[in-house]
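Before any comments, here is the structure.
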Amino acid sequence: MADTAEKLVQIKDLTRETSPNLRDHFPFSEIRGNQNPALDKLAKWNQSPEKFFILEGPTGFGKSPVDIACASHAKTLPGFGIFEQGAYILTPQKSLAEQYMRDFKDMGLVELKGRANYHCNKWSASSGENPASSSISNSRIVPKPHSSNKNPVSDPTATTPP
C-alpha cells in the first residue's frame, strides 16, 4: 500500500508537456485500473464532434488527476477562432478548488475566485463600498422592471388597483 501511495506522489511536470497522447498528460507515474477506461473514453471524445463530456465517479475514483490530464492535453489541441488552447476546471466547492491547488499548483494550475475574494481599493472608492466589508450591500441591488416581484413602489409602469 505504501509503495502505491509513494508512486502516486511522484508528480510529472506538465507545464512543458506537448505530447498529442492524452495518457502522457496524466500527472502521476501510475494510472489506476478504474482511470484507464475514463482516459480511453476521453481520448475518443477528443476526436469526436461532441461538445460535452461528463465524468462521474465515487469518492476516491481519481477524477482529479483525470481532469488534470484532460486540461493539460487541451493545450496541445488547436484553438477555436479567438479562443486559445487550454481548459478550465470548475469546482462546486471551495474545498475541492483548494485540493486542486494543493495537489497540482506546481503544474501551472492557476486559481481564479469570485470578486468577493479580492479587495480592490479603486472599486471600493468608486462604488462607496466599505473596504472592511467583504460582502456587497443589499442597498445597491435594484430590481429590474421585468422582475417577477413587481410592486407599485419600485415599478413605475405598474398600475395600482382602483
(message) Full-extension gain between N34 and Q99, please, as 0.36 nm times their residue separation minus the C-alpha to C-alpha distance.
(response) 21.3 nm
(request) Taking 7 Å along the Cα-to-C-beta vector as the label spot, tell me the V110-F83 distance in nanometres, rounded to one decimal. (result) 1.8
(message) Per 0.36 nm of contour for each residue apart, how much would the distance between K41 and L90 grow if the chain were fully extended, relative to their Cα-Cα spacing?
(response) 15.6 nm
(request) In nm, give the distance between the simple-model label positions of C120 and T59, each being 7 Å from the Cα along the Cα-to-Cβ direction. (result) 3.7
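Every number here is computed from the coordinates shown, using simple stated rules; none is lab data. Here the structure is a predicted model, which is why all the values come from computation and not from measurement. Cβ sites come from the backbone with ideal geometry, for glycine too, and all protein chains shown count toward neighbours.
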